[in-house]
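Asks: Below: one structure in C-alpha cells.
The values are calculated or read from the model by the stated rules, or taken from the named source; none is laboratory data. All figures in this text were calculated on a predicted structure; none of them were measured in a lab. Neighbour counts are summed over all protein chains in view; Cβ atoms, including those assigned to glycine, are modelled from backbone coordinates with ideal geometry.
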Amino acid sequence: MKIAVFTDTFYPQVNGVVNAIRNFNSQLTARGHEITVYTSGKKPGVSKMDGAEVRRYIAFTLPPYPEFEPSPNVIGPAASAIKFKPDIVHAHTQFMMGYSAWMAAKRLGVPLVGTFHTPVDEYVMYVAKHSKMSQRLLKRIAREYQDFFYKRCDIIIVPAPSAAKYLHVKNKPIVTVSNGLNLSRYGPEGREEVRKRFGLTGPVIMHGGRLSYEKRIEGVIDAMPLVLEKVPDAKLMIVGRGPAMKFLECRVKALGIEQSVVFTGYVSDEDFPKMFAAADVLAINSPVETQSLIVLEAMATGLPVVGADSAAIPDAVVSGENGYLFKPDDSKALAEHLTRILTDGELRAKLKAGALRTASEHSLEKSADKLLKVYEQALEIKAKKKSLLQAIRSRRSS
C-alpha cells in the first residue's frame, strides 16, 4: 500500500504527534508499505527517516509558538502527492499540511484519513493572551475550521475515546487507534546515568514533554512545596523545552524551591526513555490531552502516573490501579497523591505492576494492525461512494 502522510510538525521537533507518526512509519514500512511524509521545515528538501521518504517545504515561525513552523506552501505538497499516487492520504494535523492533504485526496479520488491529535480551540487563549474578545472570536474560527476539515475526511481517527468529544462532526465514522508504543525502548536502562548527570539522589517526580502554557505545568510546580513538607529530599525533574520555560522558571523561583526542581532542557528522542527510568512517578496537570503518550511511556517504564482528571488522561489512568486522578489545578490533591506514592513502597510496587499492564495494551504492533484495518475500511467506504456516484450519473444520462 502507498501512503501519503501530511503533518505540520515533524522531527527534529519532539512531541506526541511526531512520535506517533515516526512509530507508525517504522512499523508500516517494515511490513512492506511505501510511505512519503509531507511536512514543513526551515530547510526544505528530501530525506529518508524510519523507512519513509520525507519531503519538507519552506516554513515560517508562528511567534506565540516558535517551535511550530507551518508552511505557506499548500500547492507544492499536494502536487507532489498527486505524482506519488498513494492509495491512502493520511493527515495528522488540520492546518496547512492538512489542507494540502485534502486537496491531494480530492484530486486523486482516494480516501482521506484524518487523525485528531490537537483540539485547536483550546490553544487559542495563548495566541490572543490580552484580549478576551479576540480569544472568543479566534476560538470560534478555530472550531469551525476544525469541523470543516474533519467533515471532509472519510474516516476520523482519535487516539483515545474521550478525544471524540472535541469534534462536532456527524455521519462520519470515528475510530480509536492508540498512538502505540515501542515497548522494547522502555525499561530501567539509564537510571543511574541520568540521576548522576542531574544530581538526583532522592525520590524523583517527573513531568515530561513540550513546555507550553496549555499544559498547565505550573500546577505540578505548585504542588512541590507541599510534597517537600513530607518528603524533603524529593526532586521535580521537568524534561523538555518550550515557550513556557521562562514562566515556569520564574514560578519555581517565586516559590523558593530552586534546589528541588531540575529543568533538563531539550532531550533527544533516543535519550527520552532514560528520563523515565530515572524517575519514580509521573505528574501531569494538562487538561488538553487527546491521548497523553507521555502517560503511556511512563507506564511502559513502570512509573505510576498522577494525572488530571480531564480529557484523555482518565482513559489510561485508573485510580488505585496504575496511579491516581485529581481535579485539574488542585495542587493540594496532587501533592497528597505524590506523597503517598513516594512514601509507600508496597503501594508503589502495586501501581507499577498496573502501569505495566496498561502499557502492554498499547503496543505499537497492535496499534499498527488497527491502523491498517482503518485504511482498508477507508478504501471500502471510498469504493462504495464511487459506485453510488456512478449509479446516479448513469440514471441521469439514461
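One line per residue, one yes/no per condition, for (1) surrounded by 20 or more Cβ atoms within 10 Å (Cβ to Cβ); (2) within 15 Å of A160 (Cα to Cα); (3) at pLDDT below 95:
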residue	(1), (2), (3)
I284	yes, no, no
A298	yes, no, no
V318	no, yes, no
N322	yes, no, no
L338	yes, no, no
A359	yes, yes, no
E380	no, no, no
S387	no, no, yes
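Asks: Just checking, which of V227, V262, V306 is outside any loop (DSSP other than H, G, I, E, B), on the phi < 0 side of the Ramachandran plot and free of Cβ contacts under 8 Å to residues at least 60 places away in the same chain? Don't jump to the end; show me each part of the working.
Replies: On the way: V227 fails: free of Cβ contacts under 8 Å to residues at least 60 places away in the same chain; V262 fails: free of Cβ contacts under 8 Å to residues at least 60 places away in the same chain.
Sole residue among the options that is outside any loop (DSSP other than H, G, I, E, B), on the phi < 0 side of the Ramachandran plot and free of Cβ contacts under 8 Å to residues at least 60 places away in the same chain: V306.
Asks: Would you check which residues across the range 67-97 are touching a Gly at 6+ places or on another chain (Cβ under 7 Å) and small (G, A, S) and list them?
Replies: A91
Asks: If you scan the range 265-299, which residues turn out to be in a loop (DSSP other than H, G, I, E, B), within 15 Å of the chain's Cα centre (by Cα) and either acidic (D, E) or farther than 21 Å from N179 by Cα (or both)?
Replies: Hits for the range 265-299 are D269, E289.
Asks: Of all residues in the range 242-256, how many are crowded, with 17+ Cβ neighbours inside 10 Å and not in a helix (DSSP H, G or I)?
Replies: Number satisfying all stated conditions: 3.
Asks: Determine whether D222 is crowded, with 19+ Cβ neighbours inside 10 Å and not assigned by TED's automatic domain parsing to the domain that holds T290. So that I can check it myself, show each step before the final result.
Replies: Values: crowded, with 19+ Cβ neighbours inside 10 Å: yes; not assigned by TED's automatic domain parsing to the domain that holds T290: no.
No; evaluated as a whole, the condition is false for this residue.
Asks: Using beta carbons and a limit of 6 Å, which pairs, at least six apart or on different chains, have the first residue in the range 311-323 and within 14 Å of R348 (Cα to Cα) and the second one among the β-branched types (V, I, T)?
Replies: N322/T358; G323/V305; G323/V306; G323/V317
Asks: Quick check on G98: is it touching a residue at least 12 places away in the same chain (Cβ under 8 Å) and more than 24 Å from Q377 (Cα to Cα)?
Replies: Here the answer is no, as G98 does not meet what is asked.
Asks: From the list R107, R22, R56, which one is in a strand (DSSP E or B) and either within 23 Å of E270 (Cα to Cα) or over 20 Å from the mean Cα position of the chain (by Cα) (or both)? Even if it seems obvious, please write down each step before you answer.
Replies: Details: R107 fails: in a strand (DSSP E or B); R22 fails: in a strand (DSSP E or B).
After applying the criteria, what remains is R56.
Asks: A further question follows. Among the helices (runs of 4 or more DSSP H) confined wholly to the range 309-398, which include 1 or more residues that are of a type in the set (S, T, N, Q)? Working first, answer last.
Replies: Details: elements: 313-316, 331-343, 345-360, 364-397.
In the range 309-398, 331-343, 345-360, 364-397 are the helices (runs of 4 or more DSSP H) which contain 1 or more residues that are of a type in the set (S, T, N, Q).
Asks: Quick one: which residue in T9, T29 is crowded, with 22+ Cβ neighbours inside 10 Å and not basic (K, R)? Write out each step before concluding.
Replies: On the way: T29 fails: crowded, with 22+ Cβ neighbours inside 10 Å.
Every option except T9 fails the conditions.
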